[in-house]
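This report concerns only the one structure given below.
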Amino acid sequence: MSSTVDISLKLLSRSLGGSVLVKLRNGKLIRGLLQGYDQHMNLVLEGAEEIAPNAQVTKLGVIIVRGDNVVMLSPSVIRTEEGGQD
């Protein structure tokens, strides 16, 4: 595994249980609670919502996002190693 993948997986680990914003390859934005992930960066999001360019929100519920479709992932809160928040 490359160091970029290691850093990405560490960020995912620290974001578990928190809200994340995911940009997909097709340009869509998805927001939801990160409930799980794997080494391929497939994501399980709970309470997921698609955010359209006009700010319209479509509720999706629990979804799985394939890692090869993820362009960007941004956590709203990152836990530190000690369990606090940054």
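Taken together, the values in this text are just the output of simple stated rules run on the coordinates, not laboratory data. Predicted model only: the values in this text are computed from it and were never measured. Cβ atoms come from the backbone with ideal geometry, glycine included; neighbour counts cover every protein chain shown.
Structure above, values below:
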| quantity | calculated |
| --- | --- |
| Under Karplus coefficients 6.51, -1.76 and 1.60, residue-wise ³J(HN,Hα) of the range 16-31 in Hz, glycine/proline x | 3, x, x, 6, 10, 10, 10, 9, 9, 4, 7, x, 6, 10, 10, 10 |
| Residues whose placed amide H lies under 5 Å from that of Gly18, excluding near-sequence neighbours | Leu34 |
| Space enclosed by the convex hull of the alpha-carbon atoms of the range 3-75, per residue, Å³ | 75 |
| Residues with amide H under 5 Å from that of Asn42, placed H, sequence gap 5 or more | Gly67 |
| Table column - 3J(HN,Hα) (Hz), the range 6-11, Karplus curve with 6.51, -1.76, 1.60, x for Gly and Pro | 4, 5, 4, 5, 5, 5 |
| Karplus-derived 3J(HN,Hα), 6.51/-1.76/1.60, for each residue of the range 49-62, Hz, glycine and proline x | 9, 8, 10, 7, x, 8, 6, 6, 10, 10, 6, 10, x, 8 |
| Cβ-based exposure ranking for Val57, Val20, in which fewest neighbours within 10 Å come first | Val57, Val20 |
